[in-house]
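Asker: Sharing a structure, written as structure tokens. Questions coming.
None of the figures in this text is laboratory data; all of them are computed from the coordinates on show. None of these values were measured; they are calculated from a predicted model. Methodologically, a virtual Cβ is constructed for each residue, glycine included, from the backbone with ideal geometry; neighbour enumeration extends over all protein chains shown.
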Amino acid sequence: MRLLAIVSGEYGHRHVRNVREHAPAEWSLAVWQAPAILPPIIDYPEDYLPPAFEPADLILSFAEHRGVAELLPDIARMTGAGAVIAGVDNEAWLPRGLAAQLRGWLAAQDVVCVTPKPLCSLTPSRYTVTRRQHLAYSHPLIAAFARYFGQPELRLVVDPASRTITEAEVACDSVCGCARYVATRLIGVSADEAEQEAGMLHHHFPCLASMGIDPDFGDTLMHVSGNLLRDNVAAQVKPFKDVTVIVPAQRAEAGE
């Protein structure tokens, strides 16, 4: 699979580094640095694009400027790409209305576009756009990418005797590499502390999703992203947690 990543700052460059390091050997990844300054409305996209791009199958938009969305239909046409992933880790970079327009523009070109919010909500069949709204999609290349880089999935092994994590395999990493970072640091952590520790490690990585309150979630996208990872860990350590049952005094006396 031939990938083209569009970046404009450290957010995108970190994603590129992780994909390059851990993607299948048969994938190739080219990078285009988007212009640092773009006008509010782009009338002539060709003024901001290179004369040509190398052919690509899948475009990854990690840009930190909403104007890049207006360039994506032309980039898809120039590369011959059949699919686009435009992550939304900050509402300012790709507002919900513009994301919907982008999906429509590209659909008119027979290009499938997904706009997961946050980026690490992408799975091989659907993605999140608001707290209660998930959109399904069907495209083999996006699904193939999401199996390696999408909604984080760790496979933990917990020793029943010590109730500590002894193995942490990364079944699916987040695009930025946060899930892999967390996995390597959960070894030896107790089942009782694993969920909280996963959340702390996610923040310490650090996650680069927005720390402002997002109107579609009523929470920060950093917290939404962190909860995806915490929930994955919590479900696996739950059978091994030390649960203390407190019996109310009246019930205890009645039992006597």
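Asker: Sort the following peptides by mean Cβ neighbour count (other Cβ atoms within 10 Å, averaged over residues), highest first: 221-231, 205-215.
Answerer: So the peptides 221-231, 205-215, ranked by packing, come out 221-231, 205-215.
Asker: Over the chain, what is the relative contact order in whole percent, taking alpha-carbon pairs under 8 Å and six or more residues apart?
Answerer: 14 percent
Asker: Further question on the same structure: From the convex hull of the Cα coordinates of the range 101-219, what is the mean projected area in square nanometres?
Answerer: 8.5 nm²
Asker: Compute the angle between helix 221-237 and the longest alpha-carbon principal axis of the chain, please, reported from 0 to 90 degrees and rounded to the nearest 10.
Answerer: Helix 221-237 sits at roughly 40 degrees to that axis.
Asker: Okay, moving on. Does the range 154-198 classify as rounded, prolate or oblate by the C-alpha gyration tensor (a ≥ b ≥ c root eigenvalues; a/c under 1.5 gives rounded; else a/b over b/c gives prolate, otherwise oblate)?
Answerer: Prolate is the answer for the range 154-198, as a/c is 1.5 or above and a/b outweighs b/c.
Asker: Additional query: Rounded to two decimals, what is the ratio between the C-alpha radius of gyration of the chain and 2.2 N^0.38 Å?
Answerer: Output field value: 1.16.
Asker: Calculate the translational D of the range 2-148 in whole µm² s⁻¹ from Stokes-Einstein, where the hydrodynamic radius comes from the Kirkwood formula applied to all Cα pairs, the temperature is 37 °C and the viscosity 0.692 mPa s.
Answerer: 216 µm²/s
Asker: Please compute the length gained on full extension between R155 and L29, using 0.36 nm multiplied by the number of residues separating them and subtracting their Cα-Cα distance.
Answerer: 42.6 nm
Asker: Hey, rough spin-label estimate for T130 and I213, points 7 angstrom out along Cα→Cβ, what's it come to in nanometres?
Answerer: Using points 7 Å along Cα→Cβ, the separation is 1.7 nm.
Asker: In addition: Separation of the range 138-161 and the range 33-67 by C-alpha centroid, Å?
Answerer: What the calculation gives is 30 Å, centre to centre.
Asker: Further question on the same structure: From Cα pairs below 8 angstrom and at least 6 apart in sequence, can you work out the relative contact order of the range 2-148, rounded to a whole percent?
Answerer: It comes to 20 percent, rounded to a whole number.
Asker: Mind listing the phi-derived Karplus ³J(HN,Hα) values for the range 27-39, rounded to whole Hz, using 6.51, -1.76 and 1.60 with θ = phi - 60°, and x for any glycine or proline?
Answerer: Karplus-based 3J(HN,Hα) across the range 27-39 equals 7, 10, 9, 9, 10, 10, 7, 5, x, 6, 10, 9, x Hz.
Asker: Take each of the peptides 187-200, 160-173, average the number of other beta-carbon atoms within 10 Å over its residues, and list them starting from the highest.
Answerer: Most protected by this proxy first, the peptides run 187-200, 160-173.
Asker: Rounding to the nearest 10 and keeping the result within 0 to 90°, find how far the Cα-based axis of helix 10-22 lies from the longest principal axis of the chain.
Answerer: Approximately 80 degrees, to the nearest 10.
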